[in-house]
Amino acid sequence: MPLLEVSHLRVDLHTHRGTAAAVRDMTFTLDRGETLGLIGESGCGKSMTALALMGLAPENATVSGSLKLEGRELIGLHDRDWRAIRGYQVAMIFQEPMTALNPVHRVGAQIAEPLRLHQGLTAAAARQQAIALMERVGIPEPARRADSFPHQFSGGQRQRIMIAMALACEPDVLIADEPTTALDVTVQKQILGLIRELVTERGMALILISHDLGLIAQNVQRMLVMYGGSVVESGPSADVFARPAHPYTRGLMAARPNMQHRLVAHRSERLPTIPGSVPDLFSLPPGCPFAGRCAFTEDACVTQQPPTVPLQGTHQFRCLRADVVLATP
Amino acid sequence: MDNAQSPFLLEIRDVTRRYTLPRESLFRAPGEVQALRGVSLNVTTGRSMGIVGESGSGKSTLARLVMALEPPTSGEILFMGRNLHALPPDKLRAARRDFQMVFQDPYGSLDPRRPIWRTVAEPAAALEGATRAQQRERAAATLESVGLRADALDKYPHEFSGGQRQRIAIARALITKPKLIVADEAVSALDVSVQAQVLNLMADLRDHHGVTFLFISHDLAVVSHLCADVAVMKGGLIVEQGPVRQVLREPAHDYTRTLLESVPELVAPAGV
C-alpha cells in the first residue's frame, strides 16, 4: 500500500463569479523516502493541491476524488480528525516564514506546541525536544535562541525554524510550498540541502512545490507539471528535463534565461515565449487547458479531454496530438 | 553643462552611504549601518550594467542614490557628466527625464484608483505640462511600444495581469524617453513565461530605443541575459565587475563562484 495515494483529486472553488476548477483530475502516489515536485506558474493549482492535501482547502471549496494516507480515505473527514493528521502525519513548510510564525511567541514555544498537542509531552520535555530540533536544523546556540522571537532571526534562520516546527512530530509526508522563494540563492541551496537530508534521514516523503525549474531539477526524483489546474506531464525529473514532451513544459523550459548559452553567445538571443496568457479558471475549455496557446492546437483540442500518452518508463504526458508533437524536436 | 566631457553615461565615484538605526537605548548612541562602503562603477551608453548580490548587499541603496532619491554620505554620482546630488532642485527635476526607474512590485507601484493613461503620462505631465489630449496621445503611443493596446488607456491596474502591469510600469518609465532605466528586481515577481516576455521587451528597448539599463537582480541568469557588464556586490562593496561573459567564465572572486554554483541548473544531477 502506498503511503499517499491521490486519485482523480478535484478542487472546485465557488465564488461570486461562478465555479472555478482549481485542480482537475490529479492522480499520483508517493512512498516513504520519495520526493515529488509540483511545478507550474501562478494560478496553475499547485498551492491549492497542497492545501487540499493538508485538509486546509478554503471554505468555499469542494474537494472530491480520493486522497488516501496509508489506505485511509481523507476526503470528507471531519475537521476534528483532520487535526489529528495535520502536523502529525502530514506537515507543511510555508513560503513566508515571517507570516507563518507567530511574531509574539518565542520560537522555542512555537516549535514545542505540536509536541505538547500531539504527543502529550510535558512543557519541559517539549522544550528539550524543540531545542534538539533547532540544533538539528542548524540554528547556533539553540538553548539560548529558543527564547528569541521570530523577528530576531534572519530569513534563512526563520525558514530553518519553520522546518523544525514541521518536523517536530516526525510527519510521514512533508509538503514544502515554495520554501525558499524569499531567500537568497546561496541560502536557498543550504535550506534545500537540509530538507533533502532530513527526508532521507527520517524516511519521510517530500512534496516540493515551486515555480522554479532549476529548483525542481536539483531536488526531486519525480515531478508533475501543472497547467490550468491539470497535470499535463509527469515522470522522473531527469527524463522530463532531458526530453520534455508537452508543448507547455517545453515552452516553460525554453523561456528561462540560460547562462550556458550566454557563455557561448556573444549577444543574448530573444527568449522564446508562450503566446497568450494563462486561462481563466472560471472559463476553462472542456478540452486541454493549454489549447489556444499551443502551436499544435486543432479544433478537437478545445473540446476533447487529452488522453494520457505513455513515454519511456513512467514518463507520460497528456496530449491529443502526441504523435505530431513528439515528431517535432 | 559639460555633458560632452564624460565618456560615461553614469559614473559612480567612491560612494558610501551610512544609515542611522533606531535608537535602542537612552544611554547609548544609536547604531549605524554601512549600506555602501565605497562603490565605484562606470556605465557606458549602450552597455547595460547588471548588479547582482544578496539581500543586504547594498544593491537597492545604490539604485536609490543613482535615482537621486537620497544623497550619498560621501562620494559623487555623475549622470551625463553632471553631479546629480549637487544640482539645484529645479535642474534635478528637469534632469529626471533622462533617468527613470521600474520597481519590483507591479501591484504596489501603480495607483489602483487612477486610469492607466494618467499613471503612464504622469512623468511627462510633471516635466512638460502637456495638455490632457497630448498626454493621452503620448500614453497611447508609449503603451503601444511596450506591446499593450490603446484600449488599455482607460482601464485600471486591477484589470491587468502581473506581466501587463509590469509593462505599464515600463511604459511610465519610458514616456520621457530616458537614456537610463534603473530596474530594481523588475522581473523577479513574474512567472517564467511572463518574465521572458518582459525581458524580450527590455532587450527591444535596449536595441531600438537607445535605453541603457542598470539592472538590479539577485538572479544571475536573468542579469547575464540582458546585460553586457555585471557587478557583483557583497556587504556594501563591489567585489567583482567586468563583461558578463568574462565574469561567468572566469569568476575571480570566491563570492562570485559561490553565487554561480548556487544557481540551480536544469539538468538533474545523478542520484537525487
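Quick one: work out the % antiparallel among DSSP beta bridges in the protein assembly as shown, nearest 5.
Antiparallel bridges make up about 60 percent of those DSSP assigns within the protein assembly as shown.
Please name whichever of A:Leu224, A:Pro279, A:Ala322 sits farthest to the positive end of the charge dipole of region A:207-329, dipole taken about the Cα centre and charges placed at Cβ: Lys and Arg +1, Asp and Glu -1.
Result: A:Leu224.
Quote the FRET efficiency, to the nearest 0.05, computed for A:Asp31 versus A:Glu96 with a Förster distance R0 of 41 Å and r equal to the Cβ-Cβ distance.
Details: r = 30 Å, r/R0 = 0.72.
Efficiency computed from Cβ-Cβ geometry: 0.85.
At 0.36 nm per residue, minus the direct Cα-Cα distance, what do A:Gln260 and A:Asn60 gain on full extension? Give it in nm, one decimal, please.
Working: separation 200, 0.36 × 200 = 72.00 nm, distance 4.58 nm.
Here the segment from A:Gln260 to A:Asn60 would lengthen by 67.4 nm.
Can you give the local net charge around A:Val278? Use residues other than it whose beta-carbon is closer than 11 angstrom to its beta-carbon, Lys and Arg +1, Asp and Glu -1.
Result for the neighbourhood of A:Val278: -2.
Over the whole of A:277-284, what's the average partner chain Cβ count within 10 Å per residue? Rounded to a whole number, please.
On the way: counts 8, 6, 0, 0, 0, 0, 0, 0.
Average neighbour count from other chains, rounded to a whole number: 2.
Have a look at the DSSP beta bridges in chain B and tell me what percent are antiparallel, nearest 5.
Antiparallel bridges make up about 55 percent of those DSSP assigns within chain B.
Within a 10 angstrom radius of each residue's Cβ in A:249-260, how many Cβ atoms of other chains show up on average? Whole number is fine.
Working: counts 0, 0, 3, 4, 2, 3, 9, 8, 13, 5, 11, 5.
Across A:249-260, the average partner-chain Cβ count within 10 Å equals 5.
Add +1 for every Lys or Arg and -1 for every Asp or Glu among the other residues with Cβ under 11 Å from the Cβ of B:Pro115, and state the total.
Neighbourhood net charge equals +2.
What order, most packed first, do the peptides B:259-265, A:185-191, B:68-74 have when packing is the mean number of other Cβ atoms within 10 Å of each residue?
A:185-191, B:259-265, B:68-74
From the square roots a ≥ b ≥ c of the eigenvalues of the alpha-carbon gyration tensor of the protein assembly as shown, which class results: rounded (a/c under 1.5), prolate (a/b over b/c), or oblate?
oblate
Per-residue mean of other chain beta-carbon atoms within 10 angstrom of the beta-carbon, peptide A:211-217?
Working: counts 3, 2, 4, 6, 1, 3, 7.
That average works out to 4.
Ordered by packing density, taken as the mean number of other Cβ atoms within 10 Å over each peptide's residues, highest first, how do A:11-24, B:26-39 rank?
Packing order, densest peptide first, comes out as A:11-24, B:26-39.
Place a label point 7 angstrom from the Cα of B:Phe8 along the Cα-to-Cβ direction, then list the residues of region B:79-102 whose backbone nitrogen is under 14 Å away.
B:79-84
Pairs A:Lys46/A:Lys189; B:Lys91/B:Lys179; B:Lys155/B:Lys179: which exceed 19 Å Cα-Cα?
A:Lys46/A:Lys189; B:Lys155/B:Lys179
Considering only chain A, what is the antiparallel percent among its DSSP beta bridges, to the nearest 5? Please report the intermediate quantities before stating the final value.
Numbers: 30 of 49 bridges.
Antiparallel: roughly 60 percent of the beta bridges in chain A.
What ranking of A:Asp239, B:Asp254 emerges when the number of other C-beta atoms within 10 Å of each C-beta is taken as an exposure proxy, fewest first?
Fewest-to-most ranking of A:Asp239, B:Asp254: B:Asp254, A:Asp239.
Along the Cα-to-Cβ line of A:Glu135, 7 Å from the Cα, sits a label point; which residues in region A:177-213 have backbone N less than 20 Å from it?
A:194-195, A:197-199, A:201-202
Read-outs throughout are calculated quantities, based only on the coordinates presented, and are distinct from any laboratory measurement. Here the structure is a predicted model, which means the values were calculated and not measured. Every residue, glycine among them, receives a Cβ derived from its backbone with ideal geometry; neighbour counts consider all protein chains shown.
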